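The values are calculated or read from the model by the stated rules, or taken from the named source; none is laboratory data. Please read these numbers as outputs of a predicted model, since none were measured by experiment. Here Cβ is always computed from backbone atoms with ideal geometry, including for glycine, and neighbour counts include all displayed protein chains. Calculation scope for accessible area: heavy atoms of the full protein, side chains included, ligands and nucleic acids excluded. Shrake-Rupley method; radii C 1.70, N 1.55, O 1.52, S 1.80 Å.
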Amino acid sequence: MCGLAALFAYGASAPPVDRGQLNAIHDRQAPRGPDSEGIWISDNNRVAMAHRRLSIIDLSEAGAQPMASQDGAYRIVFNGEIYNYRALRQHLIDDGVTFTSYSDTEVLLQLYIQRGPAMVDVLRGMFAFAIWDEKRQGLFMARDAYGIKPLYFADDGKTLRVASQVKALVAGGGIDTSPAPAGHVGFFLLGYVPEPHTLYKGIEAVPAGGSLWVDTSGRGAPHKWFDLTKELSEVDPVPYDAEALRAALVDSMQHHLVADVPVGVFLSAGLDSASLVALASEAQGTSLRTVTLGFQQFRGSENDEAPLAEVLAKHYETDHETRWIETGDFRDNADHLMAAMDQPSIDGANTYFVSKVTREAGLKVALSGVGGDELFAGYQNFKQVPNLSRALGLFRFLPGVGKAFRFISAPLVRTLTSPKYAGLFEYGSRLGDAYLLRRGLYMPWELPTVLDPDLVREGLATLAITQKLSETIGDIGPTRVAMTALESAWYMRNQLLRDADWASMAHSLEIRTPLVDITLLRALAPMIAGSHPPTKNDMATSLARPLPAEILHRPKTGFSIPVRDWIGGEKHTSRGGDYRDWAHYIYNQQWAA
C-alpha cells in the first residue's frame, strides 16, 4: 500500500511543473509509505511523479517507484496489490517479456506496454495507478472495480494534479478549494461524501472501476471498464451450491494472503471476521496472528466483542492480542484522527483505532471482513427496505399525499423518532428511495436547516440522489441482488472502503478485503440471484473446521463506538440510531481544517 502523486502540465500555456507543489503533495502522504520514497521529473519539466512505498511484495529496491520500463518510455506510480500478478507475470514471460523485479508493479507496467488501457480487464486486486506514456505523450490512470483504492485529481484546464488523498492535493495548492455543494450536501445526506464529489470544487475522484486518459489535447471523459449494475443485471440465476461457495471463498483467501510479509486478521465476534480467521488458519495453520479492539466503556456489556473473539482465537489457535482503548485515547488521538480522515465520514473512527493497535502489534497487512454484509445480505436493510417499498408501493402513484403527510406530521414525528421518518410515505414506495430513507442521515427537506439553503439547492440538483439510486438498481430483477448493488455501490464504496484506506494508511498498515473481490462476486452472483441465495451461515458452515457454536448462533449486532463518552451527548452507535451529533462534530473539524 502506498501513496502516489503526479503532475502533468499538458496545456500549451501551462507553466512547468512546480517542484514545491509536488513536494507538498508528496510529504502530506508520508504515512502511506514509510519504507521508501521516490520522485521523477521529466527533462522538459512537463511531467512529474512521486511515490511513498509501504513494501509488501518484493521488498527489494527493485520494486521501488516511480518505476520505469527498461527503455524509459513508460513510468508508473501504483498504490495497491495485484493478487494474480504471479500468473500474469508468467503469461508475460511466456510471451517473451523479461523482468528485472518480482514486484506486481512491474507486471502492471509490462501489461500496459503489451495491452494498453485494456490491461485493467485482467487485473484482480485493489489498485490505483498512473502511467506516463512517453510515446503517446499522455497519462493513463485507472482504479479497481470496487474502488477499494482512492485516486483523486484536480484539473485547471492546463495542469493535471493527481494524488491518493484529497488533503494531499489541497496541501499542494494551485486548485479551487471553494466548497462543492454536492460534496457538502452529500455528507449530511448520507454520512459520507459520495463519489465523484469531494468537499472542494477543484477536486474529484476517478470513478471506481474507471480509467482516465489525459494528453496534450486535454482530459478525456472517464471510461467505465467495470459497471457493478451491469454486472449484476446480466447474471443468470443458478441453484445454491455449497461446494462452489466454499471453493470461491478459499480461492479468494488464497489470493489475499499473497505477500512477502506476515498477514494478520482483524477479529471481532461477527461471522465475517470469524469466517476469515477460519479460512486463513486453513491456509496458514497456527502461525496466523489476530487482533481485537476493545472499548473500556463497553467492557463486560453486550457490546463487548473481546470475550467471544478470544474464544474464536483459542479455537483456531491463533497468535492473538486484544487491545483496549478508552476516552482518553480518543482525546489523545483526536487531532491525528481528524487530520488523517481524508474526507468526512461518520464511520471511520473504529477502523482508525483497530489499525493503530494492529500496527503497534507489528503487522503491516491485515484482513478485514468488509463486504460480507453486502454479499450475504447481513444488514437488516435487505429485509426492511424491500418490505417497506412493497407495503407502500401505492404511494408512488400519489406523490402529493406523501409530501402532504410529511409536511403535516414532521413536528410530531420529530418528538417520537428520527425526523426523517416524516418522509415515510413520500420516500418509502420505491426501492431506491426507501434505501435513502433507511440509510440517510438527514433527508433532503431537512438540509436547509443544516447548511446554507442556496448551497443545498445546488447540491441536491447536482447529486440527483434519487435518480442515481434508481440508476444503481437499473435493470436488476431480483430485489436481493438490487440491494447488493445499492449497499456495495453506496455505503460500502463511499464509506467502508474509503474509511479502511485513510484509517489504515494513517498507521502505515495495509487492509485487505477478501470478501470484496471481483472474482468472488462473479462466482457468487448467480447464486445470489437464485431462489436460495447464500447467507452468512452458509459461509460459516462451509469452513473445514466449524466455528464455535456461540459464534455461529450469535445474533447480528452493529459494531458500536462510545461516541457519548468521546464527544458528549446522547448514546449513539456507529451502525444505527441518530448519529447527527457525531456528523456535525466531524464536519466542523474537517471543513474548519
* Name the residue farthest towards the positive end of the dipole of the chain from the options 78, 256, 154, assuming +1 on Cβ of Lys and Arg, -1 on Cβ of Asp and Glu, about the Cα centre. => 154
* **For peptides 441-448, 529-536, 86-93, sequence by mean Cβ density within 10 Å, most packed first** => 441-448, 529-536, 86-93
* Rounded if a/c is under 1.5, else prolate if a/b is larger than b/c, else oblate: which is the range 493-534, with a ≥ b ≥ c the root eigenvalues of its Cα gyration tensor? -> prolate
* Counting alpha carbon pairs within less than 8 Å and at least 6 residues apart, what relative contact order, in whole percent, applies to the chain? -> 17
* Assigning unit charges at the beta carbon (Lys, Arg +1; Asp, Glu -1) and nothing else, what dipole magnitude in debye, to the nearest 20, does the range 414-536 show about its Cα centre? -> 420
* Structure fact -> Between the residues 357, 268, 119, the Cα farthest towards the positive end of the dipole of the chain, that dipole coming from +1 and -1 charges on the beta-carbon of Lys, Arg, Asp and Glu, is from 268
* Structure fact -> For the chain, the percent of accessible surface on carbon and sulfur atoms (probe 1.4 angstrom, ligands and nucleic acids excluded) is 50
* Structure fact -> A student applying the Cα gyration tensor rule (rounded when a/c is under 1.5; otherwise prolate if a/b is larger than b/c, oblate if not) would label the range 187-245 oblate
* To do: Kindly report the accessible area of the range 22-64 per residue (heavy atoms of protein chains, probe 1.4 Å, no ligands, DNA or RNA), in Å².
  => 38
* the range 152-172 to the range 345-368: how many Å between their Cα centroids? -> 27
* To do: Could you do me a favour and compute the accessible area per residue for the range 138-235, 1.4 Å probe, result in Å²?
  => 28
* Considering only DSSP beta bridges where both residues belong to the chain, give the percentage that are antiparallel (nearest 5). => 75
* Of 219, 136, which has the most accessible area and how do the rest follow, probe 1.4 Å? -> 136, 219
* the range 244-322, accessible area per residue, ligands and nucleic acids excluded (1.4 Å, Å²) -> 36
* Report the dimensions of the range 1-153 along its three principal axes from the alpha-carbon atoms, largest first, rounded to Å. => 44, 33, 30
* Debye, to nearest 20: dipole size of the chain, +1 on Lys, Arg Cβ, -1 on Asp, Glu Cβ -> 1180
* Once a ≥ b ≥ c are taken as the square roots of the eigenvalues of the Cα gyration tensor of the range 221-269, is the result rounded (a/c under 1.5), prolate (a/b larger than b/c) or oblate (a/b not larger than b/c)? -> oblate
* Report, in whole Å, the centroid distance computed from the Cα atoms of the range 425-445 and the range 261-298. => 36
* Structure fact -> The correct ranking of 431, 497 by accessible area at 1.4 Å, largest first, is 431, 497
* Restraint check, 224/364; 149/468; 149/356; 158/224; 149/201, Cα-Cα greater than 28 Å -> 224/364
* **Among (i) 30.4; (ii) 26.2; (iii) 28.0, the entry derived from the coordinates for mean projected area of the Cα convex hull in nm²** => (ii)
